[in-house]
Amino acid sequence: MSPVYVDLRVIVSYPLVLEQVSRMMYSQVKDLQFDIMCGVPYTALPIATCMSLGFGLPMVMRRKEVKDYGTKRAIEGAYSAGQSCLIVEDLVTSGASVLETLDPLQKEQLKVTDVVVLIDREQGGAAHLEKNGLRLHAAFKLSAMLDVLQKHSLVDDTVASNVRAFIAENQTQLPAAAAAALGEVARDPARRAPSCCCCASSSSLSCKTTSSFMPSSCCCCCCSLLAAGVASCFCSAASAIC
């Protein structure tokens, strides 16, 4: 069981934090060239929306469940085949959620080469994305967050050491479902964007949504970092540390 869990869903209840999150993430990609953005459902959707409103960036939305009426589309919004799309994610562990969003975007002949994320857990996600032609741009790395929290005595040395050991010993592999989906895309040129360099050679491991990554308690809060180092903690999980 992971000793650290970061719940970013709660930031929608703190508009100033959400706005600052969007600015930090945009700063990682402001020099990139892209036509539209797409947030990974669901936590990254308000972040992508905030980036869209704050910086005038067109956005599309991926449906997790495609409806059998109306447009019946997996990707909603105004876009054209051949446009470049930036994927927006809140947190990356294995990269599976990003790859699940990549597939429907490529089916629409959109070019995807970059992903921006608030937190990289440093458990292999960046490497999995790179194997599939995606560059990961992270506002924070979990190890750097631990350094700050430890420096300000928000986590003790034992907790910090346990988290670092867990990260080092639990490098993820690409989940089987994502690997299979990517293999299908790789075998079908019609489903790839022109610049796709998809690779289905990755092996498989549990993603952040499986029980192996569920926490017993929260021992880290990125929102305190966002609010200039060590402001109030907005973690929803109750713990003595938070």
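The values are calculated or read from the model by the stated rules, or taken from the named source; none is laboratory data. Note that the structure is a prediction, hence the values are computed from the model and not measured. Note: ideal-geometry Cβ built from the backbone for every residue, glycine included; neighbour counts use all protein chains shown. Ligands, DNA and RNA are excluded from the accessible area calculation, which covers all protein heavy atoms including side chains. Shrake-Rupley method; radii C 1.70, N 1.55, O 1.52, S 1.80 Å.
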Quick check on my link table: of Lys30/Lys64; Lys107/Lys141; Lys72/Lys107, which ones sit more than 25 Å apart, alpha carbon to alpha carbon? Lys30/Lys64; Lys107/Lys141
One-quarter of the Cα convex hull surface for the stretch 1-56, in nm²? 4.9
For Asp114, other-chain or 5+-apart residues with amide H closer than 5 Å (H placed, Pro excluded) are Ile87, Arg135
Measure off 7 Å from each Cα along the Cα-to-Cβ vector at Asp156 and Val10, then give the distance between these two points in nanometres to one decimal. 2.2
Carbon and sulfur together cover what percent of the accessible area of the stretch 12-147 at a 1.4 Å probe radius? 50
Vicinal HN-Hα couplings computed from phi for the stretch 55-62 (Karplus, 6.51 cos²θ - 1.76 cosθ + 1.60; Hz; Gly/Pro x): 10, x, 9, x, 9, 10, 10, 8
In whole Hz, the Karplus estimates of ³J(HN,Hα) for the stretch 105-113 (6.51, -1.76, 1.60; θ = phi - 60°; x where Gly or Pro) are 5, 5, 4, 8, 6, 8, 8, 10, 10
What aspartates and glutamates could a cross-link reach from Lys67, if we take a straight Cα to Cα line under 13 Å and drop same-chain neighbours fewer than 8 places away? Glu76
Place the peptides 164-170, 82-88, 56-62 in order of packing, highest mean first, counting for every residue the other Cβ atoms within 10 Å and averaging per peptide. 82-88, 56-62, 164-170
Calculate, in nm to one decimal, what Lys64 and Ser143 gain on full extension: separation in residues at 0.36 nm each, minus their alpha carbon distance. 25.3 nm
Determine the principal axes of the Cα atoms in the stretch 64-123, then give the extent along each, sorted from largest to smallest and rounded to whole angstroms. 39, 25, 15
Among Val29, Ala48, Thr71, whose Cα lies farthest out toward the positive end of the dipole of the stretch 1-80, if unit charges sit on the beta carbon of Lys, Arg (+1) and Asp, Glu (-1)? Thr71
If you average the sequence gap of Cα pairs under 8 Å that are 6 or more apart and divide by the length of the stretch 36-123, what percent do you get for the contact order? 31
Taking the Cα atoms of the stretch 4-156, report the difference between the largest and smallest coordinate on each principal axis, in whole Å and largest first. 52, 34, 32
Note, the stretch 16-29: 3J(HN,Hα) by Karplus (6.51, -1.76, 1.60, θ = phi - 60°), whole Hz, Gly/Pro = x, goes 5, 5, 4, 5, 5, 4, 4, 5, 5, 5, 4, 4, 7, 10
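May I ask for the Kirkwood hydrodynamic radius of the stretch 1-94, worked out over all distinct Cα pairs and given in angstroms to one decimal?
Numbers: mean 1/r = 0.0690 Å⁻¹.
Computed over the stretch 1-94, the radius equals 14.5 Å.
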